[in-house]
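One structure is given here, and the rest of the page talks about it.
The values are calculated or read from the model by the stated rules, or taken from the named source; none is laboratory data. For clarity, every value in this text was computed on a predicted model and none was experimentally measured. With ideal geometry, Cβ positions are generated from the backbone for all residues, glycine too; neighbour counts draw on all protein chains shown. SASA here: full protein model, heavy atoms, side chains in, ligands and nucleic acids out. Shrake-Rupley method; radii C 1.70, N 1.55, O 1.52, S 1.80 Å.
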Amino acid sequence: EVQLVESGGGLINPGGSLRLSCAASGFSFSTYTLNWVRQAPGKGLEWVSYISTSGRTKYYADSVKGRFTISRDNAKNSLYLRMDNLRAEDSAVYYCARDLSGTYYFDSWGQGTLVTVSS
Amino acid sequence: QSVLTQPPSASGTPGQRVTISCSGSNSNIGSNNVCWYQQFPGTAPKLLIYSTNQRPSGVPDRFSGSKSGTSASLAISGLRSEDEADYYCATWDDSLYGRVFGGGTKLTVL
């Protein structure tokens with residue numbers, strides 16, 4: 001069974017930093033591209049970032065470009081999101097999401113981790 | 001403000017057929033396939049339709065998708081109470097070079 005389990009969320013001051021993790025199991029981690037998707041409380045979904053299987057190719061939404069960094073460790077079956085210079089508008093549930101192989105559709109999602117940026 | 005436009009709400013009675021629309025532009029829906037996600041309160045989204053009209057294993061054939069020009073639609077036939085959820089359309093945007101979502105539609109089964 002495919003499992004994606006996020007961790008690392010919490011309450012952080014504006015301007016602060018946080019690193020989210022996503023532990024994967026039940027599939028061949030190194031052969032899938034991965035993403036972070038977020039959802040502000042009571043709001044819709046927003047794609048945040050993408051990483052290729054090797055980790056060499058990365059894309060970001062304009063709203064986080066220059067502040068967030070996606071990475072992965074295929075030896076540890078883990079995905080990460082380093083978030084710097086956090087703003088109130090970054091407050092959201094952050095989901096780790098796997099791409100349906102070779103596509104831009106998210107076929108598996110984690111349960112999410114809540115990030116709250118507030119003083 | 002979402003790149004794709006969905007009605008905020010939709011409703012129907014059990015057994016009815018309801019459709020949810022998703023409007024975009026030439027750079028997204030007009031040139032790429034669409035997918036739909038279903039999300040229940042407090043849970044992660046689930047892939048419902050991909051490649052505009054394909055259903056993942058386990059999704060009932062009551063759910064179907066279509067696309068025409070720069071708009072897409074999700075149809076649910078034989079509506080059931082358990083279909084009450086939020087539905088999001090999504091696709092790739094060639095101009096933004098990223099995935100884009102609709103704002104979501106809350107479906108109520110009366």
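Does any residue of region B:83-104 lose at least 20 Å² of accessible area with all protein chains in place compared with its chain alone, and if so which ones (probe 1.4 Å)? Relative to the lone chain, where solvent access is computed with a 1.4 Å probe, region B:83-104 loses at least 20 Å² at B:88, B:92, B:97, B:99, B:101. Its Cα gyration tensor gives chain B an equivalent ellipsoid, and the semi-axes of that ellipsoid, as √(5λ) in whole Å with the largest first, are 23, 14, 13. Taking the DSSP beta bridges with both ends in the protein assembly as shown, the antiparallel portion is around 90 percent.
Suppose we keep just the DSSP beta bridges with both residues in chain A; what percent of those would be antiparallel, to 5?
In chain A, approximately 95 percent of DSSP beta bridges are antiparallel ones.
Per residue of peptide A:89-96, the mean number of Cβ atoms on other chains within 10 Å of the residue Cβ is 1.
Computed over every Cα-Cα pair of the protein assembly as shown and binned at 5 Å starting from 0, the pair-distance distribution P(r) comes out as 1, 7, 15, 18, 19, 17, 12, 7, 3, 1, 0 percent. Per the Debye formula on identical point scatterers at the alpha carbon atoms of region B:64-110, with no solvent, log10 I(q)/I(0) at q = 0.18, 0.22, 0.25, 0.32 Å⁻¹ is -0.67, -0.89, -1.03, -1.25.
Nearest 0.05, what FRET efficiency do residue B:75 and residue A:5 give at R0 = 35 Å with Cβ-Cβ as r? Working from the Cβ atoms, E equals 0.55.
Projected label points at residue A:101 and residue B:51, each 7 Å from Cα along the beta carbon direction, are separated by 1.3 nanometres.
Counting Cβ atoms of other protein chains within 10 Å of each residue's Cβ and taking the mean over peptide A:100-109 gives 6.
Stretched out straight at 0.36 nm per residue, the stretch from residue A:43 to residue A:74 would grow longer than its current Cα-Cα span by 7.9 nm.
With 10 Å bins beginning at zero, the pair-distance distribution over Cα atoms of chain A amounts to 14, 51, 29, 5, 0 %.
Could you tell me the calculated FRET efficiency between residue B:84 and residue A:31, based on Cβ-Cβ distance and R0 = 22 angstrom, to the nearest 0.05? Once the sixth-power term is evaluated, E becomes 0.05. Divided by 2.2 N^0.38 Å, where N counts the residues, the Cα radius of gyration of region A:15-78 comes to 1.19. Ranked by the mean number of other Cβ atoms within 10 Å of their residues, highest first, the peptides A:8-21, A:35-48 fall in the order A:35-48, A:8-21.
The residues of chain A expose, per residue, 45 Å² of accessible area to a 1.4 Å probe. The charge dipole of region B:65-110, taken about its Cα centre with unit charges on the Cβ atoms of Lys, Arg (+1), Asp and Glu (-1) only, comes to about 80 debye.
For the protein assembly as shown, the carbon plus sulfur part of the accessible surface works out to 45%, probe radius 1.4 Å.
Buried accessible surface for the B/A pair, both sides summed and rounded to the nearest 100, is 1700 Å² with a 1.4 Å probe.
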